[in-house]
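See below for the structure under consideration.
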Amino acid sequence: MEALRRLLKAEFTRFVIVGGISAVLEYSLYFAFKNITDYRVANVLAFILTNVVTYVLTKRYVFTAATQTNRVYEATLFAVCLAGALAVNTAVLWALVEFASMDDKIAKALAIAVAVVWNFFTRKYIVFRNRDVAQQTGN
């Protein structure tokens, strides 16, 4: 039981580090894109580009396993969960900017924070939860 607690804590710590890198990247890309397009388009572009990087980092450093998985299956799960995260992120940003009249610098940071929670749970319990199941769907 203690070993499990240590594993989860280390896993969460790695997730926070990768998440921090991703959050800084997404926030920076958002404002770079916002200089040339609408904030909603900038949000989608920044989110997608950041999460390509995040997928690689998460797979390599956060939710690691000894077994090989069906990469297409895993990437498909990741994409589905990512679509949900993008919807949540965009909805939070839009609602805070449009309805709460919040500055988008603060709204974007809050939208990232909400998406981080979504991403941790969906990646841990859906995408990287059971690599044996992924293997059984066809290598």
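Annotations
- Which listed residue is within 22 Å of Ile126 (Cα to Cα), in a helix (DSSP H, G or I) and modelled with pLDDT of 85 or more, from Ala42, Ala79, Ala46, Ala32: Ala79
- From the options Leu96, Leu110, residue that is in contact with a Leu (Cβ under 9 Å, 6 or more places away or on another chain), surrounded by 12 or more Cβ atoms within 10 Å (Cβ to Cβ), closer than 24 Å to Val16 by Cα and modelled with pLDDT of 95 or more: Leu110
- Qualifying residue in the range 7-17 (condition: surrounded by 14 or more Cβ atoms within 10 Å (Cβ to Cβ), of a type outside the set (S, T, N, Q) and either at pLDDT 90 or above or not in a helix (DSSP H, G or I) (or both)): no
The values are calculated or read from the model by the stated rules, or taken from the named source; none is laboratory data. Owing to the predicted nature of the structure, the values given are computational and were not obtained by experimental measurement. Quick reminder, even Gly has a Cβ in these numbers, built from the backbone with ideal geometry, and neighbours come from all protein chains shown.
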